[in-house]
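A.B. asks: Structure provided below as structure tokens; questions to follow.
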Amino acid sequence: MDQAVRATYDSHRDFSQKDFRSGCYAPFVSLNLTPAGDVLACCRNWTYVLGNAGRQDLKDIWKGSEILNLQKAMNDYRFDMGCECCEWQIAEGDYQGVACPHCDSTASVRVHRTPLERILMPWRYGWHKMECDLCRRAFWVWGKPDQ
């Protein structure tokens, strides 16, 4: 991201309660599940899949290399891992249209990574209706107890 664009973008954000700056805190504070079980960091990024809840334990996905790579990219303000739409909106000055401000406000204060238990509801066997915090789109996921 161009340094001038980054500086302007950051001037519209509050980092006073953060230990570090990131282009977006989504990969630090959220997980989104698709109806097929794919796990995403953000409801707007459908191209960079972190894993699949039907084939992997969510704790393994939360600690996996895919999410760590995305976190590093966001710390470097690189939006090239499926976050190009937000990068374009930031470049255009549309800070209200990007998903990042929501994740900025939910990022844990003085914590680098939100514990997985705070992100996930207690899982029980069966289907659960969930809703994305960003777009309010509802979807169903199959729940399973911790192993």
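The values are calculated or read from the model by the stated rules, or taken from the named source; none is laboratory data. None of these values were measured; they are calculated from a predicted model. We place every Cβ from the backbone using ideal geometry, glycine too, and count neighbours over all the protein chains shown. Just so you know, the surface numbers come from the protein's heavy atoms only, side chains and all, with ligands and any DNA or RNA stripped out. Shrake-Rupley method; radii C 1.70, N 1.55, O 1.52, S 1.80 Å.
A.B. asks: How big is the accessible area of V49 in square angstrom, nearest 10, if you roll a 1.4 angstrom probe over the protein chains?
C.D. replies: V49 has an accessible surface of roughly 60 Å² with all protein chains in place.
A.B. asks: Continuing with this model, one more query. Using heavy-atom solvent-accessible surface (probe 1.4 Å) with all chains present, what is the largest-first order of M81, M1, M74?
C.D. replies: Listed by decreasing accessible area, they come as M1, M81, M74.
A.B. asks: Another question about this same structure. With every protein chain kept in the model, how would you rank T34, T47, T8 by accessible area, 1.4 Å probe, largest at the top?
C.D. replies: These residues rank, largest area first, as T47, T8, T34.
A.B. asks: Next question, about the same structure. Give, rounded to the nearest 20 debye, the magnitude of the charge dipole that the range 5-87 has about its Cα centre when Lys and Arg contribute +1 at Cβ and Asp and Glu contribute -1 at Cβ.
C.D. replies: About 120 debye.
A.B. asks: While we're on this one: What accessible area, in Å² to the nearest ten, does a 1.4 Å probe give for D38?
C.D. replies: 50
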